Structure formats: structure tokens, C-alpha cells
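These notes are about the structure you will find just below.
The values are calculated or read from the model by the stated rules, or taken from the named source; none is laboratory data. Quick caveat: nothing in here was measured; it's all calculated off a predicted structure. Heads up, the Cβs are rebuilt from the backbone with ideal geometry, glycines too, and the neighbour counts pull from every protein chain shown. Just the protein is used for accessible areas: all its heavy atoms, side chains included, with ligands, DNA and RNA removed. Shrake-Rupley method; radii C 1.70, N 1.55, O 1.52, S 1.80 Å.
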Amino acid sequence: MAGTDSPRPVILVSNDDGHQAAGIRALAASMEPLGEVWVVAPEAEQSASSHAISIHRPLRIREVRPRWFAVDGTPTDCSYVGINHVLKDRRPTLMVSGINHGPNLADDVTYSGTVAAAMEASLLGIPAIAFSLVTRAEFEFAAAARFAGSLVAAALARPLPPNLLLNVNVPPGPELRGYAITRLGKHSYGFDVIEKVDPRGRKYYWIGGNDYQHEDIPGSDCNAVLRDGLVSVTPLQLELTADALRPMIAGWRVEGYRRSEARPIPGDNPAP
């Protein structure tokens, strides 16, 4: 669908709040001075959809206006079809996701559709950045959009590794104090399972509570945003292997089976 006559960087924009959300409008506008902006976002809200992809049903893509598309699928679907179909003739230089209506700190990254859209782009070889506004009340995106524009301008000024994946959380307010390069923190919303009964006498359940607390971990995204009032910029990686556990598991005796050595990767130190 995309032409090949533009010399400007191509920036793909998505989110999980839907293509009509205020956050994605603010983010797309902040990208306009930096490149050729293409929006491929969900038709409806897909919050907390994580990295789900639609492989058991067809997808519909609707062109809302030039370079702005709505997909009746997940944020991961949007990145996938944006890169492999809408922009198949000219791969994006960078993908940005957000601005999410709420935080994506700490463990949130495993549930977030906003972060998943960026993850999918990174898996497909496109550097990606996810942006979230850390508030549950008034959503004023101007300051977050300004920071997004500045960060993306800095990113585009240099060659980027194709697996670049950043998770950015912006505190609320009209002015920002600064930013910190952080690591993922640890937090909890509580572990309640609320049981109720519908008018026909059948039980149903709400999960996820409102008892928020985070651990005091120096250098974490939670501390930076919630304690220090700074923007957190957290580099993420999708290599999930827990190498430190390999020697321990290699020592397990699994009755009836012989353990073979995996073929080593160059530069790797396989478990003894």
C-alpha cells in the first residue's frame, strides 16, 4: 500500500486504546515533524491484550483516512499487518506505540497491548518504542507527546539496532523534570478475585484489584516515575533464557531418560 518515493523516515504508529484514542492522536502528531507517519491501530480498545495474535479468524483493515488504518484485531496484529502488508513496499524506520492511557510499569509489560505492539515490531526487525502516561485520572498528553518527539528525534539521529525495544513511562503534569534510564521494577495491584451472582443466579468473577504497591528498587522504573517524578526509559529484551538456571537444571536426574547436550551456540557456555 505504501509508495517508495518518500525520502523521509517512515514511522509506524500503533497502540492498544484504539485508533480514535487521544493518546495515539497526540503521539502521531508529535511524529509528523520527524518523518512520514503511518497509523495502523486497533478498531476498538484492546487494553491488557498482551501479545495475542489472531490466527484463527480473518482480519479486516479499514482505511480511515490517508495513512491511517483501523484493524479489527489486537495490537500485535496491527504491528504485523502494518509492517508486512500496509508498509510491505517500504519497511518502517521506527515503530512507536501509545501514548497509553495509564502506566505500563514493572510487570505491566507482560500484559500490555501497548508494549506488545512494540515487541512485535522488534521481533520483526523494526526498532520500537512504547510510550505510556502514568495516570488514572486526567489524561493530558501534551508533555508526554513533547518528550516522545524529542526521544524519537534522538533515536533517528543515529543507526539503531533492529531489536531495539524501549518502554517509556511519563509522569503526569504540564512540565517534566527530566528522565532516567531504568530497569523494570516490581509491583502489585493485589490478588483479589471478586465473586458475584448475575440475575439468573450464575456466579461470575472479576480479577485484579486496586491495592497498588510497588517495591523500593533503586534504579527501577517505578521509583523513577512514582518517587522521583522522572520519565523512565527502560530498554527491554526478548531473549528470555535464564542462563543462570541451566547448570542447576542440568543436575536434575530425570528417571528413564538420558540427558543430551544441546548443540552449543558460538560464544555460549553450555551447562556442564
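What's the number of the condition Leu160 fails, among (1) over 29 Å from Glu239 (Cβ atoms); (2) surrounded by fewer than 18 Cβ atoms within 10 Å (Cβ to Cβ); (3) in contact (Cβ under 8 Å) with a residue 60 or more places away in the chain?
Tallying (1) over 29 Å from Glu239 (Cβ atoms); (2) surrounded by fewer than 18 Cβ atoms within 10 Å (Cβ to Cβ); (3) in contact (Cβ under 8 Å) with a residue 60 or more places away in the chain, Leu160 fails exactly one: (1).
Of everything in segment 201-222, what is closer than 21 Å to Val134 by Cα and either in a loop (DSSP other than H, G, I, E, B) or polar (S, T, N, Q) (or both)? Give them in sequence order.
Matches in segment 201-222: Gly208, Gly209, Asn210, Asp211, Tyr212, Gln213, Glu215, Asp216, Ile217, Pro218, Gly219, Ser220.
Here is a list of conditions, (1) open to solvent by less than 60 Å² (accessible area, probe 1.4 Å); (2) in contact with a Leu (Cβ under 8 Å, 6 or more places away or on another chain), and Thr76 meets all of them except one; can you say which number that is?
All conditions are met except number (2).
For segment 130-167, give me the residue count where each residue is outside any loop (DSSP other than H, G, I, E, B) and not charged (D, E, K, R).
Qualifying residue count for the region: 21.
Let me confirm something: among Ala116, Ala154, Ala121, which residue is at negative phi, at pLDDT 95 or above, of a type in the set (A, V, I, L, M) and in contact with a His (Cβ under 6 Å, 6 or more places away or on another chain)?
Ala116
Residues in segment 61-73 that are touching a Leu at 6+ places or on another chain (Cβ under 9 Å) and open to solvent by less than 10 Å² (accessible area, probe 1.4 Å): how many?
2
So for segment 82-90 (the condition being under 30 Å from Gly229 (Cβ atoms), of a type in the set (A, V, I, L, M, F, W, C) and modelled with pLDDT of 95 or more), does at least one residue qualify?
no
I'd like to know if segment 127-143 contains one or more residues that are at positive phi and either open to solvent by 10 Å² or more (accessible area, probe 1.4 Å) or aliphatic (A, V, I, L, M) (or both).
No, segment 127-143 has no match at all.
Val64 - would you say it is outside any helix (DSSP H, G or I), under 20 Å from Leu156 (Cβ atoms), in contact (Cβ under 8 Å) with a residue 24 or more places away in the chain and out of contact with any Gly (no Cβ under 9 Å at 6 or more places or on another chain)?
no
Give me the residue from segment 79-121 that is farther than 25 Å from Pro159 by Cα and among the small types (Gly, Ala, Ser) and, out of that set, surrounded by the fewest Cβ atoms within 10 Å (Cβ to Cβ).
Gly102
Here's the yes/no breakdown for (1) modelled with pLDDT under 95; (2) more than 20 Å from the chain's Cα centre (by Cα); (3) loosely packed, with under 13 Cβ neighbours inside 10 Å:
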position: Arg183; (1), (2), (3): no, no, no
position: His187; (1), (2), (3): yes, no, no
position: Glu195; (1), (2), (3): yes, yes, yes
position: Arg200; (1), (2), (3): no, yes, yes
position: Tyr205; (1), (2), (3): yes, yes, yes
position: Tyr212; (1), (2), (3): yes, yes, yes
position: Asp216; (1), (2), (3): yes, yes, yes
position: Ser220; (1), (2), (3): no, no, no
position: Leu230; (1), (2), (3): no, no, no
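Take segment 30-60 and flag every residue that is loosely packed, with under 15 Cβ neighbours inside 10 Å and in a helix (DSSP H, G or I).
Glu32, Pro33
Restricting attention to segment 92-111, does a residue exist that is farther than 28 Å from Gly185 by Cβ and either modelled with pLDDT of 95 or more or in contact with a Cys (Cβ under 8 Å, 6 or more places away or on another chain) (or both)?
The answer is yes; a qualifying residue exists.
Of everything in segment 5-15 that's farther than 16 Å from Ala148 by Cβ and touching a residue at least 40 places away in the same chain (Cβ under 8 Å), which residue is most open to solvent (accessible area, probe 1.4 Å)?
By that ranking, first place goes to Ser6.
What number of residues in segment 250-264 are open to solvent by 80 Å² or more (accessible area, probe 1.4 Å) and within 30 Å of Met119 (Cβ to Cβ)?
2
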